[in-house]
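J.: Quick one: the structure is below, and I'll ask about it shortly.
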Amino acid sequence: MPKAYDPRETEPRWYDVWEKSGLFRATGKPGDPRETYVVAIPPPNVTGSLHMGHACRVTFEDVLIRHKRMAGFDTLWMPGIDHAGIATQVVVERLLKAEGKTRHDLGRAKFLERVWQWKEQSGDRILMQQRKLGASCDWERTRFTMDEGYSRAVREVFVRLYEEGLMYRATRLVNWDVETRTVLSDLEVETEENVQGELFEFAYPVEGGGEVVVATTRPETMLGDTAVAVHPDDPRYTHLHGKFVTHPFAERRVPVICDGVLVDMAFGTGVVKVTPAHDPNDFATGKRHQLEELSVIGLDGKMTEACGEFAGLDRFAARKAVKARLEVLGLARGSKPHTMTLPRSQRSGTVVEPMISTQWFVKMEPLAGPAIEAVEQGRVQILPEEWTKTYYHWMRNIQDWCVSRQLWWGHEIPAWHCEDCAHINVARTAPTVCGECQSTKLVQDPDVLDTWFSSALWPFATLGWPDKTPELERYYPTSDMETGFDILFFWVARMIVMGLHIMGEVPFRRVLLAGLVTDERGEKMSKVKGNVVDPIDVLGGSTLEALLEKATAGGAKPSGLEYLKKTYPEGFAAYGADALRMTLLSYAPAQRKIALSIKRIEGYRNFANKLWNATRYALGKLENSGAVATGKRPNATALANRWVLSRLDVAIAAANLGLDEYRFDDASGALYHFVWDELCDWYLELSKPLLQSDDAALVAETRAVLVHVLETSVRALHPMMPFVTEELWSRLPKAPGHAQACIVAPYPQSGLDAVRDESAERELSELQQVIVAVRQVRSENEASPAKRLAITLEPPDAAAHTLWSAGLAGLAGAVTNSDLTLAATGTKTDAAVDTAVAVAGAYRVLVHGVVDLAKEKARLEREVTKLDKDLASIAKKLDNEGFIARAPADVVEKERARRAELIEQRTQLVAALGKLG
RNA sequence: UGGCGCGUAGCUCAGUGGUAGAGCACUACCUUGACACGGUAGGGGUCCCCGGUUCAAUCCCGGGCGCGCCAACCA
């Protein structure tokens, strides 16, 4: 067995074994008596390559699944890929652009062929990358949101909603992305804050003389102004009520209206230009006053025919031109800087243009009610709980959902427009004649559906709905939905809505929301910043040169490259999937940010190596002994053996609890600390003298405990670190009839695989205190651990004496490399000048032959200072009458006992100090 | 403007009404037969500030300051 663990060899080998042996598969058999546990993966975009966010999803979900699989559930982890409408179309259009073509050159059918072609060649890449992280999905069930069956589900839901009056077509002011030329839902619009813009003022001449000055950040929209509004109570403008102003470019009379909702008297001039066709507030105002909605910006972002001399200009060019013309006409009234927020498209980044357009909408209010109720009643639990408030807030203020998109790549809308009577025929299959006029001139709606509309059906569409499949029967509702909090509205809320409405049942029992993975400074990873850490590089390692090259290719800024050089001067070692997984798990999942640090990954790489070497040690000690892990807790009599089983029990209990309650940090932390701080630091050290004992029964017991504890620890860690644990498990000697592999071995249970033994813990902690005291003296006085020390130990009472004479004395001597003499109970040895006196709990430890008296004095003084500090804080309580009178009796008693012990310790140390002079 | 959250060691973060923790970093010593991807010992904190409740507050409550996210938004 090599001295250091190398994940590069182990990981692909075991993954292959698991997958080929069918160990990831759910049975799917209706008769299987096991309870089910189901997770539907948040499907990554087909355009995507694995990033840290995905790695986080894969890790968390794989941990959940592996834990439940080992715990005996019939587990199904449903994998898949999302067709990602806009993102994918943009990528393929970019490819075409390189060939000097647009999608319009190809036409719709040819273009879609190209997208499918592209999907075939790159679609599986991310699935392969998920495997590298150890994802134990049931791969044979992999679904794509544009599969034939899935499309049927989408169509079915659309038609049903339409039939129920919940899907409707309407002309509204919508968010328009002029770059990709499609409508966006409210959620796809992001606001850029603190943009420095200008507030431009100009005058409208009032009919019959005078003028009113209005202000705007978008001068070009004045071409579509169909009113000027003042506040009805504004005394400055009462003379304008009922008047008209003249539009300087169009031959148009524009009415002055009074509107208390739109106008804020205190802002600007108190007069507002009203452009109903291009502003949400103005749109609402227009409805209130029956104003004309004049569209002046076209879907292509250019000014429309209605704009006269400005027609055809790009919206931003038109802004300049309008301003210039107003200057010429003498109507400009200056401008001032203005801080504002800009709505931008999440996809293209372009400024979103409010436009009047006819689109398909889902009526959300009737659907939101049950979705709120389901959470209120606990049928869906959201963790961390704080998010439920956010969920309610959004659901209670819900707006109708615009679901049509002017794209080619996506689910086609199952609606056919009649060219003769304009009737809209919504149907599951293409109709041949119009249901209204029997005309055969039917044209399918050219739009596709919002990708999130199909995603909303994910938990049941993946299981075969609308067919009544056995899978659907067995695995719906799913168990946990684990995902990033950033898509709570986009996806989770909509899945709950659709699950309840279509299936009549929640889509999952729990929602587990995780934070965003950022770089170690807490900054979002972005190609431009150059701080993207590719999970695959972490697994297999990468040089700084390769990292820089990749960042450069990704378009990183020079400052980003500097950051890379500074932060990762050595590049990455091959840390392995287990190390990355443990690192991600070590952060509290609910944190808003998971600030991933490479140093931390290195720490868990070291942990994997620690576990590897603990096993290496054990295998050496077990060789040819016939000791095997039986899967049953061995009987233990020796203190160290009882103790390690007790500590293992505590760790197992914490691991199970943490895994059940979405506290992966607690679960992984408990096992990490058990393995490193207790198993390796204490038990393995104590086992060395035990295994050298002449007592054959003791040696046999210790071997049995050693192999059991290690094998159980490995099983307990498996969900988190599947690769190294599978490898070690395969090497550990096991009794016949054991499980096929660690991945399907039973998950350890508190009380079964280990058992709490409080007296063993108490007694061993005394041993630890004594050992630490000796080490402290050694470290302070005589650096060399090679020097053998002579020690006298004074036990506080007869019981302690018995314990130590029964074996602890030998252990302590062996571990501290010293000859330990156990003093008779009640002896107070008069310490010689070269003897250091240490106090370990109630024990007095005398270390003889100490050379450096000055250092020993310093050590004692430090100890006394610390005791004084502790005593002062206790005194503050015990001297307080209120504390004695009102604090619980056991708390008071505890403080008194502690004070007594500290005073005794102090007395001992002061006496020792006196000896030193 | 509203909602949610955060402020704890140099850094990244756990945590609790009664003794303040981890990982990394730091200091000293140690290549001991599992492991230098290691061991032993050690240094390091006004738990953001001000009030209140309490015998006792880092924790609960109120206010402030700073920061983040989400939602809304004045042309």
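Just so it is clear, none of the values below were taken in a lab; they were calculated from the coordinates. Source: prediction; values computed, not measured. Here Cβ is always computed from backbone atoms with ideal geometry, including for glycine, and neighbour counts include all displayed protein chains.
J.: For the range A:1-114, count the residues as N, evaluate 2.2 N^0.38 Å, and divide the Cα radius of gyration by that value, please.
T.: 1.55
J.: Quote the relative contact order of chain A in percent (integer), defining contacts as alpha-carbon pairs under 8 Å separated by 6+ residues. Walk me through the numbers on the way to the answer.
T.: Numbers: 1594 pairs, mean separation 102.9, N = 917.
11 percent.
J.: Here's another thing I want to ask about it. With a/c under 1.5 counting as rounded, go ahead and sort the range A:513-589 into rounded, prolate or oblate using the C-alpha gyration tensor (a ≥ b ≥ c being the square roots of the eigenvalues; past the cut-off, prolate if a/b is larger than b/c, else oblate).
T.: Numbers: a/c = 2.20, a/b = 1.33, b/c = 1.65.
Judged from the Cα gyration tensor, the range A:513-589 comes out oblate (a/c at least 1.5, b/c at or above a/b).
J.: Based on Cα coordinates alone, diagonalise the gyration tensor for the range A:251-304, multiply each eigenvalue by 5, take square roots, and list the semi-axes in whole Å, largest first.
T.: Working: eigenvalues 94, 32, 26 Å².
Working from the Cα gyration tensor, I get semi-axes of 22, 13, 11 Å.
J.: For the range A:413-548, evaluate the Debye formula with one uniform point scatterer on each Cα (no solvent term) and list log10 I(q)/I(0) at q = 0.09 Å⁻¹, rounded to two decimals.
T.: The Cα Debye sum returns log10 ratios of -0.53.
J.: Any idea what the relative contact order of the range A:168-290 is, in percent, if you count C-alpha pairs under 8 Å spaced at least 6 apart?
T.: Once divided by the residue count of the range A:168-290, the mean separation gives 24 percent.
J.: Hey, what angle do you get for helix A:108-122 against the long axis of chain A, alpha-carbon based, 0 to 90 degrees rounded to 10?
T.: Helix A:108-122 sits roughly 10 degrees off the main axis of chain A.
J.: In the neighborhood of A:D264, defined by Cβ-to-Cβ distances under 13 Å, what is the net charge if each Lys or Arg adds +1 and each Asp or Glu adds -1?
T.: -3
J.: A further question follows. How large is log10 of I(q)/I(0) for the range A:305-376 at q = 0.20, 0.21, 0.26 Å⁻¹ when the intensity is taken from the Debye formula with one equal scatterer per alpha-carbon?
T.: Calculated log10 I(q)/I(0) at the listed q: -1.12, -1.15, -1.19.
J.: Give, rounded to the nearest 20 debye, the magnitude of the charge dipole that the range A:194-353 has about its Cα centre when Lys and Arg contribute +1 at Cβ and Asp and Glu contribute -1 at Cβ.
T.: Result for the range A:194-353 is approximately 300 debye, rounded to the nearest 20.
J.: Counting only residues 5 or more places away or on other chains, whose amide H sits under 5 Å from the amide H of A:V38 once H atoms are built in the peptide plane?
T.: So A:V38 has HN proximity to A:L76, A:S479, A:D480.
J.: Rounded to whole Å and sorted largest first, list the principal axis extents of the Cα atoms in the range A:344-396.
T.: 40, 25, 14
J.: With r as the distance between the Cβ atoms of A:L619 and A:T429 and R0 = 60 Å, compute the FRET efficiency 1/(1 + (r/R0)^6) and round to 0.05.
T.: Between A:T429 and A:L619 the formula returns 0.40.
J.: Hey, another quick one. Give me the log10 of I(q) over I(0) for the range A:778-917 at q = 0.15, 0.20 Å⁻¹, as the Debye formula computes it from C-alpha points; what are the numbers?
T.: Normalising to I(0) and taking log10 leaves -0.83, -1.18.
J.: Tell me, what is the Rg over Rh of the range A:688-809, with Rh the Kirkwood radius over Cα pairs?
T.: 1.08
J.: If you fit an axis through the alpha-carbon atoms of helix A:639-660 and take the longest principal axis of the Cα set of chain A, what angle between them do you get, 0 to 90°, nearest 10?
T.: Roughly 10 degrees between the two axes.
J.: Run the simple label-point estimate for A:E99 and A:V195 please: 7 Å along Cα→C-beta, distance reported in nm.
T.: If labels sit at A:E99 and A:V195, their model points lie 3.5 nm apart.
J.: Another question, then. Scan around A:G484 for amide H atoms under 5 Å from its own, H built in the peptide plane at 1.01 Å from N, and keep only partners 5 or more places away or cross-chain.
T.: Amide H to amide H, under 5 Å and 5 or more residues apart or across chains, A:G484 pairs with A:A514.
J.: Follow-up. Roughly speaking, what % of Cα-Cα pairs in the range A:513-672 are separated by over 22 Å, rounded to a whole number?
T.: 56 percent
J.: So, one more: Toward the positive end of the charge dipole of chain A, about the Cα centre and with charges on Cβ (Lys, Arg +1; Asp, Glu -1), which of A:V254, A:I41, A:T827 goes farthest?
T.: Projecting each Cα onto the dipole axis, the largest value belongs to A:T827.
J.: Using the Karplus equation 6.51 cos²θ - 1.76 cosθ + 1.60 (θ = phi - 60°), what ³J(HN,Hα) coupling, rounded to whole Hz, does each residue of the range A:287-299 give in order, writing x for Gly and Pro?
T.: 5, 5, 10, 6, 8, 5, 9, 9, 7, 10, 10, x, 5
J.: Additional query: Using only Cα atoms, tell me the angle between helix A:386-396 and the longest principal axis of chain A; keep it within 0 to 90° and round to the nearest 10.
T.: The two axes meet at around 20 degrees.
J.: Taking a cut-off of 21 Å, what percent of all Cα-Cα pairs in the range A:71-200 are separated by more than that? Spell out each step's value before the answer.
T.: Values: 5417 of 8385 pairs.
The share of Cα pairs beyond 21 Å in the range A:71-200 comes to 65 percent.
J.: Also, I was wondering about something else. To one decimal place, what orientation-averaged projected area in nm² is obtained for the convex hull of the Cα set of the range A:225-375?
T.: Averaged projected area of the range A:225-375's Cα convex hull equals 12.9 nm².
J.: Further question: In chain A, what cysteines have no partner Cβ closer than 4.7 Å?
T.: A:C56, A:C137, A:C258, A:C307, A:C402, A:C680, A:C742
J.: Continuing with the same structure: Would you mind giving the average projected area, over all directions, of the Cα convex hull of chain A in nm² with one decimal?
T.: 52.1 nm²
J.: Which of A:L112, A:G242, A:V189 sits farthest toward the positive end of the charge dipole of the range A:104-258, with +1 on the Cβ of Lys and Arg and -1 on the Cβ of Asp and Glu?
T.: In the range A:104-258, that residue is A:L112.
J.: While we're looking at this one, here's another question. Taking loop as defined by DSSP and a crowding limit of 15 other beta carbons within 10 Å, which GluC sites (Glu not before Pro) in the range A:424-528 fit?
T.: Here the GluC sites (Glu not before Pro) that fit, given the DSSP loop and packing criteria, are A:E436, A:E505, A:E520, A:E523.
J.: Mean residue ellipticity at 222 nm from the helices of chain A, using -39,500 (n - 2.57) per DSSP H segment of n ≥ 4 over the full residue count, to the nearest 500 deg cm²/dmol?
T.: Value at 222 nm, helices only, nearest 500: -13000 deg cm²/dmol.
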